[in-house]
Amino acid sequence: MRRLGAIIVSAMLPVAASVAFADELVKFAVVDDNEIRESLTGKPGNPEEGRKAAANRGLGNCLACHVMPIKEDLQGDVGPDLKGVASRLKESELRLRLVNPKLLNPQTAMPAFYRTDGLNRVRKDMEGKPILTAAQIEDIVAYLLTLKE
């Protein structure tokens, strides 16, 4: 499997921002500084849709930075390998990492997929919009929960 270097990956991040979005972000509570316990949609996500969104280079684009257990060339190696991630992190911890990983590590290169304020260099067509919808966040969480060792 071929991996992308950090420089190439960081250059690719801006293309990951196509989205269908809700008018207003769902309010959520961060608990113990490391988790969002409640679903953003009030229901479980669809793991099949989550896999599609995570692998979609124009949407979640997880492959830009992470190795995933799917048949796809050009997987990144900047972020942690996602194989077995559900054995390492709880559902609520995965949700926070997708919503806003900067709350856990302000220096992370991982984008906040469900945030609209305090961002830099946002494309004009994306201003005021999250990268992913609440439903897409929940779908990706559901997919990641299938990745157990």
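The values are calculated or read from the model by the stated rules, or taken from the named source; none is laboratory data. Because the structure is a prediction, the values reported are computed rather than measured. Heads up, the Cβs are rebuilt from the backbone with ideal geometry, glycines too, and the neighbour counts pull from every protein chain shown.
Among the residues of segment 115-129, the ones that are among the charged types (D, E, K, R), surrounded by 13 or more Cβ atoms within 10 Å (Cβ to Cβ) and over 17 Å from P101 (Cβ atoms) come to 1 in all. When each of Q75, Q136, Q107 is tested for being polar (S, T, N, Q), farther than 16 Å from E35 by Cβ, crowded, with 17+ Cβ neighbours inside 10 Å and more than 14 Å from the chain's Cα centre (by Cα), the lone residue that passes is Q75. The set of residues in segment 89-110 that are hydroxyl-bearing (S, T, Y) and under 19 Å from K27 (Cβ atoms) contains only S92. Of the residues G45, G50, only one is under 21 Å from K129 (Cβ atoms), at pLDDT 90 or above and not in a helix (DSSP H, G or I); which? Every option except G45 fails the conditions.
Taking every residue in segment 52-71 that is touching a residue at least 24 places away in the same chain (Cβ under 8 Å) and pairing it with any residue that is of a type in the set (D, E, K, R), at least 6 positions away or on another chain, the pairs with Cβ-Cβ distances below 7 Å are A53/D139; V67/D77; V67/D81; V67/K83; P69/K83. Of all the residues in segment 35-74, those that are of a type in the set (G, A, S) and under 19 Å from K90 (Cα atoms) number 5.
Check every one of the helices (runs of 4 or more DSSP H) wholly within segment 72-149 and list those with 1 or more residues that are farther than 15 Å from A55 by Cα and touching a Phe, Trp or Tyr at 6+ places or on another chain (Cβ under 9 Å). Let's see the steps before the verdict.
Values: elements: 85-88, 91-99, 134-144.
Where helices (runs of 4 or more DSSP H) fall fully within segment 72-149 and carry at least 1 residues being farther than 15 Å from A55 by Cα and touching a Phe, Trp or Tyr at 6+ places or on another chain (Cβ under 9 Å), they are 91-99, 134-144.
Consider S87 carefully, then state whether it is exposed (fewer than 14 other Cβ atoms within 10 Å of the Cβ) and in contact (Cβ under 8 Å) with a residue 60 or more places away in the chain.
Working: exposed (fewer than 14 other Cβ atoms within 10 Å of the Cβ): yes; in contact (Cβ under 8 Å) with a residue 60 or more places away in the chain: yes.
Spelling it out, S87 is indeed exposed (fewer than 14 other Cβ atoms within 10 Å of the Cβ) and in contact (Cβ under 8 Å) with a residue 60 or more places away in the chain.
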